[in-house]
Amino acid sequence: MTLVGFAAAEAHARAMVEADASDPSVLRGAGTRLWSHGEPRSKAALVLHGYTHTPTQVAALAERFFALGYNVFAPRAPLHGLTTRRAHARVVPGALRRYAAEAWTVTARLGSDAGVVGVSGGGVLATWLATRTACRVRRLLVLAPFYRPHPRRVPPAAVAAMRVLYGAGLLPDRFDVRGHSYTALAQYLRIATEIRPVPGDGDLLRVAVAVSAREQSVDTRSVIAVPSAIAVAAGASLGAYVIPAAANVGHDIVTPAALGTSVDDLYSRYLALYEG
């Protein structure tokens, strides 16, 4: 996808917002969102929601960025937020990569210092973007990124088998108690295996990560190790924050309802992590 300048990028993003709003297959309020100041800004952020979620998950955080002068784009992921139950189970790596890359093409033209924020599965896509040198991502913030499942959910020795067998459709799909498709989760894991730290050329300035001490969905060691390796290779500054167990926050560390009274404190921390 080719877009020249801010006006074309903003128009494309608004067309996506309007297309979702008028599409009867998209749940009301679940569509793509754009927060624009109507002109290019020095700062822009792409915010990618988690698996099974929609831009609603990240809207309140995106608004905090917008209030600080950012232009912010939060696109709906493929097959997410639809009236067809469990449509997200059919998502494939190619569609996820295109979604992330096209969203970045838009965001990179909304501001000169553009970065990406990703939640859980969206964190995998955000990291993938940040390690593609052609994208020239300036800042990366991942929130409980799903690089690998928590060992209590999938034993480490079984992760590769899950990724291959479910990812290639060699085993019939299963859904866990949260409605997550094993086949869809495997697609994010396939993309996670493509992530490689790349030597820096000065583009990536900041890498940051946050995760809860009560995390039970993703592997917390890789949550810290992957961004750390990327920062070291790129020569970027690194920030990390482990949310204390006392905050009583689990895997969803973004949705306001999940954060309760900690929402203001955590959002402030996320912004500080991102900006460094």
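Proximity of backbone amide H atoms, modeled 1.01 Å from N, is registered between residue 53 and no other residue at under 5 Å, excluding neighbours fewer than 5 places apart on the same chain. Rounded to whole numbers, the Karplus 3J(HN,Hα) couplings from phi for region 198-213 are 10, x, x, 10, x, 6, 7, 9, 9, 10, 8, 8, 9, 8, 8, 5 Hz, using 6.51 cos²θ - 1.76 cosθ + 1.60 with θ = phi - 60°, and x at Gly and Pro. For the listed peptides 202-208, 15-21, 46-52, a ranking on the average number of other beta carbons within 10 Å per residue, highest first, reads 46-52, 202-208, 15-21.
Report, in whole Å, the centroid distance computed from the Cα atoms of region 46-106 and region 129-195. If we compute the Cα centre of each part, the gap is 16 Å.
Its relative contact order, with pairs defined as Cα atoms under 8 Å and 6+ residues apart, puts region 5-275 at 17 percent. Near residue 82, the amide H atoms lying under 5 Å from its own belong to 27; only residues 5 or more places off or on other chains count, and H is placed 1.01 Å from N. Our coupling estimate for region 136-153, obtained by passing each phi through the Karplus curve with A = 6.51, B = -1.76, C = 1.60 and θ = phi - 60°, is 6, 5, 8, 9, 10, 10, 10, 10, 6, x, 8, 6, 8, x, 4, x, 6, 8 Hz, Gly and Pro reported as x.
Quick one: grab the alpha carbon gyration tensor of region 157-256, order the square roots of its eigenvalues as a ≥ b ≥ c, and give me rounded if a/c is under 1.5, else prolate or oblate depending on whether a/b is larger than b/c. In terms of gyration-tensor shape, oblate.
Below 11 angstrom from the Cβ of residue 106, what's the summed charge of the other residues (Lys, Arg +1; Asp, Glu -1)? Spelling it out: positives minus negatives among the neighbours equals 0.
Over region 163-276, Cα pairs under 8 Å with separation of 6+ residues give a relative contact order of 25 percent. Residues 36, 120, 237 in ascending order of nearby Cβ atoms (within 10 Å, fewest first): 237, 36, 120. Remark: the residue 242-residue 112 segment gains 43.8 nm on full extension, using 0.36 nm per residue and subtracting the alpha carbon distance.
Rounded to the nearest 500, the 222 nm mean residue ellipticity of the chain from helices alone is -12000 deg cm²/dmol, with -39,500 (n - 2.57) taken per DSSP H run of at least 4 residues. Charges were assigned to the Cβ only: +1 to each Lys and Arg, -1 to each Asp and Glu. The resulting dipole of the chain about its Cα centre is roughly 580 debye. Annotation: amide H-H contacts under 5 Å for residue 114 (H modelled 1.01 Å from N, sequence separation of 5 or more, or interchain): 44, 138.
Bear in mind that the values in this text are calculations on the coordinates, not laboratory data. Keep in mind the model is a prediction, meaning the values are calculated, not measured. Counting neighbours? That spans all protein chains shown, and the Cβs are built from the backbone with ideal geometry, glycine included.
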